[in-house]
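Since every read-out is calculated from the coordinates, none of them should be taken as a lab result. Worth saying up front: this structure is predicted, and the values here are computed from it rather than measured. A quick note on method: Cβ atoms are made from the backbone with ideal geometry, for glycine too, and the neighbour counts reach across all protein chains shown.
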Amino acid sequence: MRVLLLQAVSTIPGGECVYPLGLARLAAMLKGKHELRGLDLNLAPYPWPAVIEAADGFQPQAVCISFRNLDPLAGNLISFVPPLKTLATLLRHCAPRARLIIGGAGFSLFARRLLEEVPELDLGLIGEAEQSLPLLLRRLDTPATVPGVVLRGMKGPAIGGRCRALDLSALSPPDYVVFPPAAYQARNSYVASMGVEAKRGCPRRCSYCLYPSLQGGGQRLFPPGAVVDELERLRHGYNVNMVHFTDPVLNQPAAHLRAICREIIGRGLAIGWTGFFREDGLTSGDLDLYRRAGLAALYFSADGASEPALKLLGKGLTLGQIERAAQLAAASGVISVYHFLVNLPCETPNSAAQTKRLAERILEDHAKAGNPAAMVFNNLRPYPGAPLTDSLLAAGLLDRRTDLLYPVYFNPPPFDGLRHQLNALCTKPEHLGLVGGESPGVVKCAP
Ligand code: B12
């Protein structure tokens, strides 16, 4: 079968571009059995003519659309659902006989709703699709028998998570032929465009986060040797020198990341990498090992920046642990980026003061070390099914009529300006290490 793998619009024009790792994983499972073609609308200068060209030139029998992002977050109010509708309408017109199949994280979060919203789509698959998509392509006449399939009008929860978590040892490494990595190199100024998986799933139950429903509630680890094989393949086969580990939390379990680092060092592999780290359990010894293995930037996402916020979000972290991790990160010399959510429903003058104090301490520790910190403050984007969203609805703090498919942020007065006040803190010259000490020269937050 001729199968077009299509990455839907997932970034704003000129925005950071991420390699379509999900589709590369699916391509690896489909190659040899189907004729494959790839199209990433985020690379095409004019996406719609590129869709028409692919439909006319390739005449796909199935189009597999990866709908990764619903919206760009970070306070943006635009939605990627309208371009998805345009895409589906265009495909229906140019490839009338092709089956339009949708999947990806954005789809899995709103599966049934998106099928209603975009009637041109035929069906969708929630969750990891390495096994279900090949099966679906064999059973297009009896799709209801495929695990994870979502058909229009089907009853059941809109949120994913009902799929059995895959056995990772049954997966083939990503295919880099359909989407050549070269097209993604050197495009971004902030994020490493190539992603590598060291694990899937998250055992934490943070009240605002749906990662466990997307990838499962336990951690499934790729063997360290296989992870480093992948890094090696990217480095030597595709000249990739920087990757981002896509794990929800990279440094837990700690022994797994340590084993990966030792393997990188043992093989003498020179590749930079970034990832999201938990603050608890971070040690200077581990940071030193990570740095020697190529760690280029530490991303933290404690999200809560006051004791009440950490408790409300269910982070299982204390302010002390966050400060301690920040001191270690500052001293390590590694670029560090801290993400926080502010003006949560527990915000009071006291919690806002705690947040400001924490931010100042982190900035000061970093400035003193000559390693300026980058801090990102956002507001909560509630998702249906998250326990925190349910409690906001129950308390009447979120109107039940609010359509959560489109970007909505919880940011009521009187702390609705807090995010901006805190963001301004980070650009003070002394916090950038530009006055009162040795200038670090370059002020840049990520590779
Ligand atoms: C790692 C990650 C990042 C990294 C990516 C680094 C890199 N170079 O790859 C960074 C930190 C840079 C990042 C940035 C962003 N991200 Co992000 N990211 C993730 C994360 C944690 C994992 C994604 C991943 O690569 N998984 C591994 C691959 C293999 O899985 P996958 O893509 O999901 O594909 C599988 C399935 O979805 C399915 N599938 C995929 N496509 C298709 C297609 C079909 C037809 C089918 C049947 C199945 C299918 O099968 C695949 C194989 O199993 C997810 C959350 C999560 N746990 O999923 C958020 C997530 C996808 N990101 C999200 C968002 C919003 C963003 C940003 C907009 C945030 C921002 N403001 O910067 C940007 C956008 C970047 C971009 N241009 O796309 C949201 C999307 C939902 C939403 N609200 O829109 C998520 C779900 C997190 C969240 N907040 O809930 N992200």
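Inspection of region 248-261 identifies at least one residue that is in a loop (DSSP other than H, G, I, E, B), among the hydrophobic types (A, V, I, L, M, F, W, C) and crowded, with 19+ Cβ neighbours inside 10 Å.
Residues in region 1-41 that are among the basic types (Lys, Arg), touching an Asp or Glu at 6+ places or on another chain (Cβ under 7 Å) and more than 9 Å from the ligand (Cβ to nearest atom): Arg2, Lys31. With respect to the conditions (1) closer than 30 Å to Met242 by Cα; (2) more than 12 Å from the ligand (Cβ to nearest atom), Ala165 falls short on a single one, namely (2).
Please verify whether region 125-141 includes one or more residues that are more than 7 Å from the ligand (Cβ to nearest atom), over 13 Å from Leu405 (Cβ atoms), within 24 Å of the chain's Cα centre (by Cα) and not in a helix (DSSP H, G or I). Yes: one or more hits.
Filtering region 94-108 down to residues that are surrounded by fewer than 24 Cβ atoms within 10 Å (Cβ to Cβ) and more than 6 Å from the ligand (Cβ to nearest atom), which residue is farthest from Leu140 (Cα to Cα)? Out of the qualifying residues, it is Cys94. Within region 121-133, residues that are polar (S, T, N, Q) reach partners that are surrounded by 24 or more Cβ atoms within 10 Å (Cβ to Cβ) with beta carbons closer than 7 Å, at six or more positions or on different chains, in the pairs Ser132/Leu125.
Does any residue in region 355-373 that is free of Cβ contacts under 8 Å to residues at least 40 places away in the same chain come within less than 7 Å, Cβ to Cβ, of a residue that is in a helix (DSSP H, G or I) and of a type in the set (D, E, K, R) six or more places away or on a different chain, and which pairs are these? Close Cβ pairs satisfying both conditions: Arg361/Glu323.
Residue pairs whose Cβ atoms lie under 8 Å apart, sitting 6 or more positions apart in sequence or on different chains, and linking a residue in region 388-406 that is more than 14 Å from Ser207 (Cα to Cα) to a partner that is of a type in the set (Lys, Arg), are Leu405/Arg113. Inspection of region 280-294 finds no residue satisfying the criterion of being in contact with a Leu (Cβ under 9 Å, 6 or more places away or on another chain) and assigned to a strand (DSSP E or B). Can you name every residue in region 248-259 that is closer than 17 Å to Leu287 by Cβ and within 14 Å of the ligand (Cβ to nearest atom)? Within region 248-259, Val249, Leu250 qualify.
Of all the criteria given as (1) under 22 Å from Ala192 (Cα atoms); (2) touching a residue at least 60 places away in the same chain (Cβ under 8 Å), the one not satisfied by Ser213 is (1).
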